[in-house]
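Participant: Handing you a structure now.
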Amino acid sequence: MSVLIVAEHDNAGLKPATLNTVTAAGQVGGDIVLLIAGTDCAAAAAAAAKVAGVAKVLVADAPEYATMLAENLAPLIVKLAPDYSHILAPATTFGKNLLPRAAALLDVQQISDISGIVDADTFVRPIYAGNAEATVKSGDAIKVVTIRATAFDPAPEDGGSAATETVEGTGDSGLSTFVGQELTKSERPELTTAGIVISGGRGMQSGENFAMLERIADKLGAAVGASRAAVDAGFVPNDYQVGQTGKVVAPELYIAIGISGAIQHLAGMKDSKVIVAINKDEEAPIFQVADYGLVADLFQAVPELEKELG
Amino acid sequence: MKVLVPIKRVIDANVKVRVKADKSGVELTNVKMAMNPFCEIGVEEAVRMKEAGTASEIVVVSAGGAQSQETIRTALAMGADRGIVIQSDVALEPLGVAKLLKAVVEKESAELVILGKQAIDGDNNQTGQMLAALLGWAQGTFVSKIAIEDGVLKATREVDGGLETVALKMPCVLTVDLRLNQPRYASLPNIMKAKKKQIDTLSPEDLGVDVTPRLTVVQVVEPASRKAGVKVASVAELVDKLKNEAKVI
Ligand SMILES: Cc1cc2nc3c(=O)[nH]c(=O)nc-3n(C[C@H](O)[C@H](O)[C@H](O)COP(=O)(O)OP(=O)(O)OC[C@H]3O[C@@H](n4cnc5c(N)ncnc54)[C@H](O)[C@@H]3O)c2cc1C
Ligand SMILES: Nc1ncnc2c1ncn2[C@@H]1O[C@H](COP(=O)(O)O)[C@@H](O)[C@H]1O
């Protein structure tokens, strides 16, 4: 058995979810090979070689991989696939966009967003917004799987000394080009890896009011998230959304402010270690999953919380 | 431009889903079904394209049981022109659906396919990407904005870091995200009109596609539930508990 991981990176280094994917690969068993496809990606390849547990790093350094277009990357995965029993990627927007395209070209039914590994063919995954958990067994020759990062610990960034091997690029597909991006800039920790997350919902009433949460986030070293309603209303950017169709987080502490606790929101945060909810409606479903619930008007409670934290 | 919109019939998003006692799946009998919300957004976008003169015809297609007809009627009432049901009693997986859709795209000579980014039953998020791969077309996934100019489609995508824009050669495949548009409700006159619109029924065999499942469902269970917490009376008590009991701050 041997596992190919399609690493998510930004040429300079690995994205955190890649490390969780390495841990998942370790549970599958066999050699772990990390693919770094990018442009001027030597630094990311060097970081990959140091990750504990990685046996080999494949480096495809070519212009066509500069912006991680699925149309260009999928043929590379298909070319490498015959040497592997498993192909894994993190279930981030990068992996979700790319891996099904490669799976279809390989005539494999992908298994998405797994939260557990039973054996090399059998995987556990949440379905119906986490209302149910399915265990499925694959009959395909190669298993193509995306990994829910919060369900696996990150592999240590140091301790490995993998050999590096160069692979040729597969050329530009001519199908798509990258035009530009508008990335949300923040000094705060990344939402999916932060130890503490404080999220606001429709109850926040405006984008300006999120400043209250940001001040608390800065005191706690937390990331700021949101419900879909808060994103749809334009209070905060789309990449703040936690839930079934947004990001999945599982911090040590999740603080939900003015969020009702719809199942689609719970799908993205109910594996957090400790959940706090502040809501003025004592019947709000969020209280059914909260370890500590405070029934209060957030416009009183949040400033008080800021003061209490000193 | 002919637009194809694949739509899936799923358990209504507001229904509390229950796992069957025999662990074979979730309870589907006597449960309210609806069009997958992301597919509604796809239909809405296609209808807007038709209203703007960009789309000439909208064909909606749904693969599944005979009742997928109802879901197709809903899309026809929203403004789609014609429907196709691909009737299958075998449980379909995204790869099988993508193969069926490829056959329909070729049969219909569609130039744009708009899918939802994810069906809220299986939460797979695969079908559009797979279809694009099988057709050898460009893909724009998780799209929240679309502009078509000179045979190129510019798609703004919702990604983990924010937004990204790609230019796609047409024909192409799109999967749509929540913020692309707000789907309309069908008006009563349009619901009446939809009853007269054409729906064809095909089978996987008609399309020459093998949809034999690749995965075996071993079991479906309820997830572990959280143990009930406590209510605190004040912010001071909350902070004290977080510091001294939970020890998380
Ligand atoms: C297909 C689909 C996908 C979805 N995906 C997601 C997803 O990924 N993530 C997600 O979050 N949602 C998602 N949703 C939406 C979800 O169903 C809910 O609509 C949404 O989570 C509600 O957001 P909210 O709790 O902020 O708003 P509401 O449900 O409106 O709740 C606001 C809460 O704020 C409280 N409140 C108001 N004012 C105050 C105050 N002054 N002080 C204290 N409390 C106050 C209210 O009591 C209320 O409980 C999805 C829905 C669908 C159909
Ligand atoms: N059985 C089906 N019939 C028609 N379209 C489907 C079907 N299954 C999935 N789709 C389309 O593919 C999208 C993504 O579904 P999935 O890959 O299952 O998450 C849906 O929003 C639909 O547009």
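Participant: Given B:Glu158, B:Glu111, B:Glu93, B:Glu164, which one is over 13 Å from the mean Cα position of the chain (by Cα) and more than 8 Å from chain A (Cβ to nearest Cβ)?
Facilitator: Going through B:Glu158, B:Glu111, B:Glu93, B:Glu164 in turn, the sole match is B:Glu111.
Participant: Still on this structure, I have one more. Out of everything in the stretch B:96-110 that is in contact with a helix residue (DSSP H, G or I) (Cβ under 7 Å, 6 or more places away or on another chain) and not basic (Lys, Arg), what residue ends up being nearest to B:Gln129 (Cα to Cα)?
Facilitator: B:Ala98
Participant: Restricting attention to the stretch A:3-32, which residues are part of a strand (DSSP E or B) and over 13 Å from A:Glu157 (Cβ atoms)?
Facilitator: Selection gives A:Val3, A:Leu4, A:Ile5, A:Val6, A:Asp31, A:Ile32.
Participant: So, one more: What's the total number of residues in the stretch A:238-251 that are assigned to a loop (DSSP other than H, G, I, E, B) and within 12 Å of ligand 1 (Cβ to nearest atom)?
Facilitator: Total meeting the criteria: 6.
Participant: Test each condition in (1) within 7 Å of another protein chain (Cβ to nearest Cβ); (2) buried (at least 21 other Cβ atoms within 10 Å of the Cβ); (3) free of Cβ contacts under 8 Å to residues at least 60 places away in the same chain for B:Leu178 and report the one that comes out false.
Facilitator: (3)
Participant: Please work out which one of (1) free of Cβ contacts under 8 Å to residues at least 60 places away in the same chain; (2) facing another protein chain (nearest Cβ under 8 Å); (3) surrounded by fewer than 23 Cβ atoms within 10 Å (Cβ to Cβ) is the condition A:Ile275 fails and give its number.
Facilitator: The one condition A:Ile275 does not meet is (3).
Residues checked against (1) within 16 Å of ligand 2 (Cβ to nearest atom); (2) at positive phi:
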site	(1), (2)
A:Val248	yes, no
A:Gly261	no, yes
A:Leu266	no, no
A:Val276	no, no
A:Pro285	no, no
A:Ala290	no, no
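Participant: Within the stretch A:98-105, is even one residue in contact with a Ser or Thr (Cβ under 7 Å, 6 or more places away or on another chain), more than 7 Å from every other protein chain (Cβ to nearest Cβ) and farther than 26 Å from A:Ala42 by Cβ?
Facilitator: No, the conditions are met nowhere in the stretch A:98-105.
Participant: If the requirement is being more than 8 Å from ligand 1 (Cβ to nearest atom) and more than 25 Å from B:Asn244 (Cα to Cα), which of these qualifies: A:Phe287, A:Phe235?
Facilitator: Answer to the selection: A:Phe235.
Participant: Which is buried (at least 16 other Cβ atoms within 10 Å of the Cβ), at pLDDT 95 or above and basic (Lys, Arg), of B:Lys241, B:Lys196, B:Lys247, B:Lys231?
Facilitator: Only one candidate qualifies: B:Lys241.
Participant: Can you pull out the residues in the stretch B:26-57 that are more than 16 Å from ligand 2 (Cβ to nearest atom) and of a type in the set (Asp, Glu)?
Facilitator: B:Glu27, B:Glu51, B:Glu57
Participant: Can you pull out the residues in the stretch A:167-220 that are away from ligand 1 (no atom under 16 Å from the Cβ) and of a type in the set (Asp, Glu)?
Facilitator: Hits for the stretch A:167-220 are A:Glu168, A:Asp172, A:Glu182, A:Glu187, A:Glu190, A:Glu214, A:Asp218.
Participant: With the condition being of a type outside the set (A, V, I, L, M, F, W, C), I'd like the strands (runs of 3 or more DSSP E) fully within the stretch B:130-249 carrying at least 3 qualifying residues.
Facilitator: Those strands (runs of 3 or more DSSP E) span B:138-149, B:152-159, B:162-169.
Participant: With more than 8 Å from chain B (Cβ to nearest Cβ), farther than 25 Å from B:Pro213 by Cα and surrounded by fewer than 19 Cβ atoms within 10 Å (Cβ to Cβ) as the only criterion, which of A:Ala62, A:Ala120, A:Ala55 stands out?
Facilitator: One residue alone meets the criteria, A:Ala55.
Participant: I'd like the full set of residues that are within 14 Å of ligand 1 (Cβ to nearest atom), facing another protein chain (nearest Cβ under 10 Å) and touching a Gly at 6+ places or on another chain (Cβ under 9 Å), limited to the stretch B:11-37.
Facilitator: Listed by number, the list holds a single entry, B:Pro37.
Participant: Is it fair to say B:Lys169 is surrounded by fewer than 19 Cβ atoms within 10 Å (Cβ to Cβ), at the interface with chain A (Cβ under 9 Å from one of its Cβ atoms) and within 28 Å of A:Gly243 (Cβ to Cβ)?
Facilitator: Considered against the rule, which asks whether it is surrounded by fewer than 19 Cβ atoms within 10 Å (Cβ to Cβ), at the interface with chain A (Cβ under 9 Å from one of its Cβ atoms) and within 28 Å of A:Gly243 (Cβ to Cβ), B:Lys169 comes out as no.
Participant: Quick one: A:Gln244 ticks every box in (1) within 30 Å of B:Trp137 (Cα to Cα); (2) surrounded by fewer than 16 Cβ atoms within 10 Å (Cβ to Cβ); (3) at the interface with another protein chain (Cβ under 10 Å from one of its Cβ atoms) bar one, so which box is it?
Facilitator: Tallying (1) within 30 Å of B:Trp137 (Cα to Cα); (2) surrounded by fewer than 16 Cβ atoms within 10 Å (Cβ to Cβ); (3) at the interface with another protein chain (Cβ under 10 Å from one of its Cβ atoms), A:Gln244 fails exactly one: (2).
Participant: Scanning for something part of a helix (DSSP H, G or I) and more than 27 Å from A:Ser138 (Cβ to Cβ), does the stretch B:87-96 turn up at least one residue?
Facilitator: No.
Participant: If a residue must be surrounded by 16 or more Cβ atoms within 10 Å (Cβ to Cβ), within 12 Å of chain B (Cβ to nearest Cβ) and assigned to a loop (DSSP other than H, G, I, E, B), how many such residues does the stretch A:191-210 contain?
Facilitator: The qualifying residues number 3.
Participant: Condition first: away from ligand 1 (no atom under 16 Å from the Cβ), more than 14 Å from chain A (Cβ to nearest Cβ) and buried (at least 19 other Cβ atoms within 10 Å of the Cβ). Can you find one or more residues in the stretch B:38-47 that meet it?
Facilitator: Yes, some residue in the stretch B:38-47 is away from ligand 1 (no atom under 16 Å from the Cβ), more than 14 Å from chain A (Cβ to nearest Cβ) and buried (at least 19 other Cβ atoms within 10 Å of the Cβ).
Participant: Oh, and also: All but one of (1) more than 7 Å from chain A (Cβ to nearest Cβ); (2) in contact with a helix residue (DSSP H, G or I) (Cβ under 9 Å, 6 or more places away or on another chain); (3) of a type outside the set (Phe, Trp, Tyr); (4) within 29 Å of B:Pro94 (Cα to Cα) hold for B:Asn190, so report the exception by its number.
Facilitator: (4)
Participant: Could you tell me which numbered condition B:Ala77 fails, if it satisfies all but one of (1) within 15 Å of ligand 2 (Cβ to nearest atom); (2) among the small types (Gly, Ala, Ser); (3) more than 18 Å from B:Ser144 (Cα to Cα)?
Facilitator: With (1) within 15 Å of ligand 2 (Cβ to nearest atom); (2) among the small types (Gly, Ala, Ser); (3) more than 18 Å from B:Ser144 (Cα to Cα) applied to B:Ala77, the lone miss is (1).
Participant: Please pick out the residue among A:Val78, A:Val57, A:Val108 that is in contact with a helix residue (DSSP H, G or I) (Cβ under 8 Å, 6 or more places away or on another chain), touching a residue at least 12 places away in the same chain (Cβ under 8 Å) and assigned to a loop (DSSP other than H, G, I, E, B).
Facilitator: A:Val108
Participant: Which numbered condition trips up B:Val60, out of (1) near ligand 2 (Cβ under 9 Å from one of its atoms); (2) farther than 23 Å from B:Leu188 by Cβ?
Facilitator: Only one criterion in (1) near ligand 2 (Cβ under 9 Å from one of its atoms); (2) farther than 23 Å from B:Leu188 by Cβ is unmet by B:Val60, namely (2).
Participant: Same structure, new question: Could you tell me whether any residue of the stretch A:197-219 is touching a helix residue (DSSP H, G or I) at 6+ places or on another chain (Cβ under 8 Å), among the aromatic types (Phe, Trp, Tyr) and in contact (Cβ under 8 Å) with a residue 40 or more places away in the chain?
Facilitator: Looking for residues that are touching a helix residue (DSSP H, G or I) at 6+ places or on another chain (Cβ under 8 Å), among the aromatic types (Phe, Trp, Tyr) and in contact (Cβ under 8 Å) with a residue 40 or more places away in the chain, one finds none in the stretch A:197-219, hence no.
Participant: Sort out which residues of the stretch A:135-155 are surrounded by 23 or more Cβ atoms within 10 Å (Cβ to Cβ) and part of a strand (DSSP E or B), and write them in order of number.
Facilitator: Within the stretch A:135-155, A:Val136, A:Lys143, A:Val144, A:Val145, A:Thr146, A:Ile147 qualify.
The values are calculated or read from the model by the stated rules, or taken from the named source; none is laboratory data. Keep in mind the model is a prediction, meaning the values are calculated, not measured. Cβ atoms come from the backbone with ideal geometry, glycine included; neighbour counts cover every protein chain shown.
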